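Below: the structure, in structure tokens.
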Ligand code: GAL
């Protein structure tokens, strides 16, 4: 072997060595990436206390499970949420948990995720017109039924204000559907007179306040009951009633078991709320994502919900009625909130 050949051979050996080291480093990295599951979480808002709790629960639980959780919050902005989801997909998430701001336009985000081979869990709010892989929420028609049954029991006749949630949110439709099962027959029989029936854009308390002011003016302050879809909108409506010295005299519903609502319930200005344990929901979503990342699937026991395109496999948790009689047991004894937070 001459000098030149030896040189070439050494060079080839060095190149081969570098090559094998690089390949094994790359494979190791890839394997490592596979071992830790990365979940993308896109939330619609942090405005309502419940969404803050969802985020906190999922972050804590993901940490406990050794999951890499990437979180994005869109603040009730569908465009921003779309950008954030694209960003999560570029970061190579294994599964996407998506609680849509806009239940309809989010369908394209499901398509985008699927194009990348990423399965999508529709969280709390159903993504319509899409092939979303799983829906994890509460029995939302059941939430509405609890509200409707409660308010019609308290006020079986009289002047009603009927508020519903954001038109962009499929839940709003379901809540109203459930409540109207109780209210509509009484409207039909002439017992209930509807002074105002309106959706509250973006679930915003200040929009509910404005609508309640309109209803009070229109009826000369003669409102007997208010169907408010959640605690935030109930808070707005109660503020409008307080300005007329009526807070506490008019039964009004709520939902979410927010701390301010719990305070109003013990004070007597809000009649009830619906407790949905977001701690359970958050954990169920992370558990499902973990299974799906490993090409497994949670047992949905044949339960599905139709989203205008397909029957989506669904896990639906149970909502609970809370009023001043059971608030200590349901919200405080369960550790959801502390006594000192409720009784101020
Ligand atoms: C709904 C949700 C409610 C409430 C509302 C406003 O989709 O189910 O719990 O928080 O949005 O964010």
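Criterion first (surrounded by fewer than 20 Cβ atoms within 10 Å (Cβ to Cβ) and touching a residue at least 60 places away in the same chain (Cβ under 8 Å)) does residue 65 satisfy it? It would help to see each step written out before you state the result.
On the way: surrounded by fewer than 20 Cβ atoms within 10 Å (Cβ to Cβ): yes; touching a residue at least 60 places away in the same chain (Cβ under 8 Å): yes.
Against the criterion (surrounded by fewer than 20 Cβ atoms within 10 Å (Cβ to Cβ) and touching a residue at least 60 places away in the same chain (Cβ under 8 Å)), residue 65 qualifies.
Within region 204-222, is even one residue under 30 Å from residue 69 (Cβ atoms), within 16 Å of the ligand (Cβ to nearest atom) and either surrounded by 22 or more Cβ atoms within 10 Å (Cβ to Cβ) or within 27 Å of the chain's Cα centre (by Cα) (or both)? Yes, region 204-222 contains a residue that is under 30 Å from residue 69 (Cβ atoms), within 16 Å of the ligand (Cβ to nearest atom) and either surrounded by 22 or more Cβ atoms within 10 Å (Cβ to Cβ) or within 27 Å of the chain's Cα centre (by Cα) (or both).
For region 100-115, filtering for residues that are under 16 Å from residue 289 (Cα atoms) and either surrounded by fewer than 20 Cβ atoms within 10 Å (Cβ to Cβ) or within 12 Å of the ligand (Cβ to nearest atom) (or both) leaves 1. Listed by position, the strands (runs of 3 or more DSSP E) inside region 293-342 whose residues that are within 13 Å of residue 122 (Cβ to Cβ) number at least 2 are 304-306, 311-317.
Just to be sure before I move on: is residue 62 out of contact with any strand residue (DSSP E or B) (no Cβ under 7 Å at 6 or more places or on another chain) and away from the ligand (no atom under 16 Å from the Cβ) in the structure I sent?
no
Per the listing 146, 141, 136, the residue uniquely within 16 Å of the ligand (Cβ to nearest atom) and out of contact with any strand residue (DSSP E or B) (no Cβ under 6 Å at 6 or more places or on another chain) is 141. Within the set 266, 274, 312, the sole residue that is buried (at least 18 other Cβ atoms within 10 Å of the Cβ) and either under 19 Å from residue 50 (Cα atoms) or over 23 Å from the mean Cα position of the chain (by Cα) (or both) turns out to be 274.
I'd like the residue in region 237-260 that is in contact with a strand residue (DSSP E or B) (Cβ under 9 Å, 6 or more places away or on another chain) and not in a loop (DSSP other than H, G, I, E, B) and, out of all such residues, is surrounded by the most Cβ atoms within 10 Å (Cβ to Cβ). Only one residue tops the list, namely 237.
Readers should treat all values here as calculations from the given coordinates under stated rules, not as data from a laboratory. Small disclaimer: the values here were computed from a predicted structure and weren't measured. Using ideal geometry, Cβ is built from the backbone for each residue, glycine included, and neighbour counts are taken over all protein chains shown.
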